1. Give me the distance in nm between label points sitting 7 Å out from Cα along the Cα-to-Cβ direction at SER118 and ALA75, one decimal.
2. Whole percent per 5 Å bin, from 0 to the bin with the longest distance: what is P(r) over all C-alpha pairs of the range 10-95?
3. To the nearest 20 Debye, how big is the dipole of the range 10-95 about its Cα centre, given +1 on the beta carbon of each Lys and Arg and -1 on that of each Asp and Glu?
4. Apply the a/c threshold of 1.5 to the C-alpha gyration tensor of the range 111-185 and tell me whether it is rounded, prolate or oblate.
Amino acid sequence: MPDGSSGVPDAGFRLLLSRLDADDRRAGAEYERIRRALTRFFDWRGVSSPEECADETLDRLARKMEQGVAVADVAGFAHGIARLVLQEALRSDARREPLDVDPPAVPIVDSAEREALSRSLEICLDRLPVGGRELVLAYYAAGTGRSKILGRSRLARRLGLSDNALRSRVQRLRDRLEECVRRHVSPGDDTIG
């Protein structure tokens with residue numbers, strides 16, 4: 001995954017949204033439409049983290065716009081950036097060692113199993129490092145559409161992180177949660193991390 005450690009200044013993000021539409025709601029919807037298209041673009045090309053690549057593309061676009069780069073066609077410009085991000089991501093993915101493990105099948109759960117999973121999730125959330133539970137819950141409680149985007153950006157700023165650094169931190173916590181829940185609902189060790 002390309003390095004986006006510098007984050008996106010709020011002004012660049014606002015400029016991007018204003019270029020998409022004058023109405024905040026329509027701008028948020030257009031942003032999400034472009035993000036979904038970019039995610040598909042990366043997914044179809046076999047990138048291991050298509051959503052992160054889509055976010056990185058939009059972060060770079062916002063930074064370019066804030067730097068004063070004239071963008072006549074936002075979606076077209078984003079696609080040009082996406083091609084560069086794709087090259088970086090494929091190089092990064094190629095350096096990773098492939099796993100020889102098939103992902104586990106997702107079982108269909110009944111209400112009793114759902115209750116057990118819910119209890120396991122609560123237990124595992126409590127086992128996260130200090131502040132981890134609150135971070136995960138705040139990140140996923142951010143709403144939908146534009147409010148989700150802005151809420152997560154505010155959360156990142158409050159923590160002194162870039163949007164990409166926040167996503168990475170939450171992904172690591174989520175991976176730990178999934179592993180803990182998996183261990184907790186099946187026999188064996190149920191410790192986190």
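1. In this crude label model, SER118 to ALA75 measures out at 4.1 nm.
2. 3, 16, 26, 24, 16, 9, 4, 1, 0
3. Working: 15 positive and 16 negative charges, 52 e Å.
Approximately 260 debye in magnitude.
4. Since a/c reaches 1.5 and a/b is larger than b/c, the shape of the range 111-185 is classed as prolate.
All of the numbers you see were taken from the coordinates with simple rules; none came from a lab. In this text, all values refer to a predicted model and were calculated from it rather than measured experimentally. A quick note on method: Cβ atoms are made from the backbone with ideal geometry, for glycine too, and the neighbour counts reach across all protein chains shown.
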